[in-house]
Amino acid sequence: MKRPLPHARFWATLAAVLVGLLLWEGLARVLASPALPPASAVARFAVTMFQEGGLLEDLATSLGRVLVGYTLAAALGLGLGGLVALGGTVGAGALGAVQLLRPIPPIAWVPLAILWCGLGDKSAWFIVFIGAFFPIFTQVAWALAGTPAPYLELAQSLGASRWLVLTRIRFPAAAPGILAGLRTGLGLAWTSVVAAELVGAQSGLGYRIQMHRLVLETEGIFVGMACIGALGFGMDLLARRAERWITRGAA
Amino acid sequence: MIRLHGVRFGFRPEAALLDGFDLDVPAGTVTALLGPSGSGKSTVLRLVAGLLTPAAGRVDRPPATPGRAAMSVVFQDPRLLPWMTVEGNVHFALEAAGVPRAEWAGRTAPLLDRVGLSAAAKARPGALSGGMAQRAALVRALALRPHVLLLDEPFAAVDPLLREDLQAALQDLLAGLDTTVLLVTHDIAEALMVADRVVVVVGRPVRVAAALDVGLPRPRGAEARLSGELLGLTRGVRAALGS
């Protein structure tokens, strides 16, 4: 089912963005400080960065790291979350124990990641994994354990086997929760890769904006941040589309 | 037949919902268990269904035989799985009961046709009205060709006019079957329209206040609703409920 963005909202958003850019431009020109370049200068700088290359490489590096860390987190989150949900009291205990690690933000794991994996890809994978794993694992476990009781009673009255209950009732009933977990995980994976690259890597978008700070190219920081924002937005949009497509039809 | 003998059920023994409860439902008859809300009639049904286990006493019902399930249940809510089509929901029940896949279509299509749901076979439950969904739930229960059909206030959630339609559909579906039916309801008219025998239960622990035979042939049409027999029986049921 396709639902176009209401036109009024679209134009209002566009207008707000333009006003924001104009305010930024005006403020930057008044202040005339190297710490806040005007929007037009950032746009010109972006063109140069694209022409010189390097930006796209960093972008690809960051995306690749997200892909590796996120895939691992999704696979383990789904597997372990499923085990915990169906594992009775032992599972509930394991879920409770893992919950104690959840409040530790991914960035707080960076020192350990560097200590264990050194600077570079492995460290970034680890941080991305940490960022994405906990929401996926928790959501999967909750969703699978939270099958509505009436459906289970129906299955019992029909004499359905455990396998049938798992594959035809528990899993589809949990699908929206699982997909929401996967989407939350993807957002956090992207946040985490930037955090990891700011200190724990020598390539990628996070590393690039850090470098621009060191050489005082403030425009470069803005371009890098804009790329990070645009990619995060795009990924979330794709994830939402996929989610809607998968759950289409089911009420 | 269904037989409950000396059944006790309750989470705390001193406040048992059922204690020494007896009930016989003769084979092939429709028995309505009628009582006020919260009187424990749904508990009786769940005990017969095997969804609850009695603390004491016996619950006997016929076992499954080849091609026929021991029992099936229609709940107050249609309880269709929203991620399957109407037809898929019936097929799922047949699969759960171990009916060979080759028989699924042959069992499902004629029943859907009889309740006027052929066109909705491929629809998702979310697209159905309340009445249509409950018809689909009836089809799912009867496709199993159960020895015992348990109906737990199946039409309580639909509006009164639709309820009469559904009662007619149920009577039509049951015509010619040897299925033993236990209908739990708090609707006097429904019990008298559908059942051969009405068992009135009251109190806690639940006791049988009266058992009345409805001497009219089934299926009963709209004219039966206004017949002298039914009006007389209604008075009898009201008196038993007040006792």
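The values are calculated or read from the model by the stated rules, or taken from the named source; none is laboratory data. Worth saying up front: this structure is predicted, and the values here are computed from it rather than measured. Methodologically, a virtual Cβ is constructed for each residue, glycine included, from the backbone with ideal geometry; neighbour enumeration extends over all protein chains shown. Please note that ligands, DNA and RNA were not included when accessible areas were found on the heavy atoms of the full protein model with its side chains. Shrake-Rupley method; radii C 1.70, N 1.55, O 1.52, S 1.80 Å.
Table for the structure above
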quantity	calculated
Residue that is nearest to the other protein chains (Cβ to nearest Cβ) [pool: residues in the range B:54-63 that are farther than 18 Å from B:V99 by Cβ and open to solvent by 70 Å² or more (accessible area, probe 1.4 Å)]	B:R61
Residue check for A:E217: open to solvent by 40 Å² or more (accessible area, probe 1.4 Å) and either over 19 Å from the mean Cα position of the chain (by Cα) or of a type outside the set (A, V, I, L, M, F, W, C) (or both)	yes
Residue match in the range B:102-113 (condition: surrounded by 15 or more Cβ atoms within 10 Å (Cβ to Cβ), in contact (Cβ under 8 Å) with a residue 12 or more places away in the chain, over 21 Å from A:Q156 (Cβ atoms) and within 10 Å of another protein chain (Cβ to nearest Cβ))	no
Answer residue from the range B:64-77, given it is in contact (Cβ under 8 Å) with a residue 12 or more places away in the chain and more than 10 Å from chain A (Cβ to nearest Cβ) and is surrounded by the fewest Cβ atoms within 10 Å (Cβ to Cβ) among those	B:T65
Some residue of the range B:89-100 being under 23 Å from B:D165 (Cα atoms), open to solvent by 10 Å² or more (accessible area, probe 1.4 Å), facing chain A (nearest Cβ under 10 Å) and at pLDDT below 95	no
Failed criterion for B:G126 (all others in (1) modelled with pLDDT of 95 or more; (2) assigned to a helix (DSSP H, G or I); (3) within 14 Å of another protein chain (Cβ to nearest Cβ) hold)	(1)
Enumeration of residues in the range B:146-164 that are touching a residue at least 40 places away in the same chain (Cβ under 8 Å), surrounded by fewer than 18 Cβ atoms within 10 Å (Cβ to Cβ) and not in a helix (DSSP H, G or I)	B:A156, B:A157
Count of the range B:195-212 residues which are within 19 Å of the chain's Cα centre (by Cα) and part of a loop (DSSP other than H, G, I, E, B)	2
Residue list for the range B:1-15, restricted to those being in contact (Cβ under 8 Å) with a residue 40 or more places away in the chain, in a loop (DSSP other than H, G, I, E, B) and more than 20 Å from the chain's Cα centre (by Cα)	B:G10
Test: residue in the range B:33-48 that is assigned to a strand (DSSP E or B), over 20 Å from B:M132 (Cβ atoms) and assigned by TED's automatic domain parsing to the domain that holds B:E164	yes
A:G146 being in contact (Cβ under 8 Å) with a residue 24 or more places away in the chain, more than 14 Å from chain B (Cβ to nearest Cβ) and under 21 Å from A:G64 (Cβ atoms)	no
Of all residues making up the range B:49-68, the number that are assigned to a loop (DSSP other than H, G, I, E, B) and touching a strand residue (DSSP E or B) at 6+ places or on another chain (Cβ under 9 Å)	9
Residue in the range A:151-160 that is part of a helix (DSSP H, G or I) and away from chain B (no Cβ under 14 Å) present	no
Candidates A:A230, A:A242, filtered to the one that is within 23 Å of A:G64 (Cβ to Cβ), open to solvent by less than 90 Å² (accessible area, probe 1.4 Å), at pLDDT below 90 and in a helix (DSSP H, G or I)	A:A242
Candidates B:Q167, B:Q134, filtered to the one that is open to solvent by less than 10 Å² (accessible area, probe 1.4 Å) and touching a strand residue (DSSP E or B) at 6+ places or on another chain (Cβ under 9 Å)	B:Q134
Some residue of the range A:75-91 being under 21 Å from A:W190 (Cα atoms) and β-branched (V, I, T)	no
The listed residue being open to solvent by less than 20 Å² (accessible area, probe 1.4 Å) and away from every other protein chain (no Cβ under 14 Å), out of A:G118, A:G181, A:G187	A:G181
Qualifying residue in the range B:76-89 (condition: among the β-branched types (V, I, T), assigned by TED's automatic domain parsing to the domain that holds B:A136 and outside any loop (DSSP other than H, G, I, E, B))	yes
Segments classed as helices (runs of 4 or more DSSP H), wholly inside the range A:34-129, with at least 3 members that are in contact (Cβ under 8 Å) with a residue 40 or more places away in the chain and more than 24 Å from the chain's Cα centre (by Cα)	A:39-52
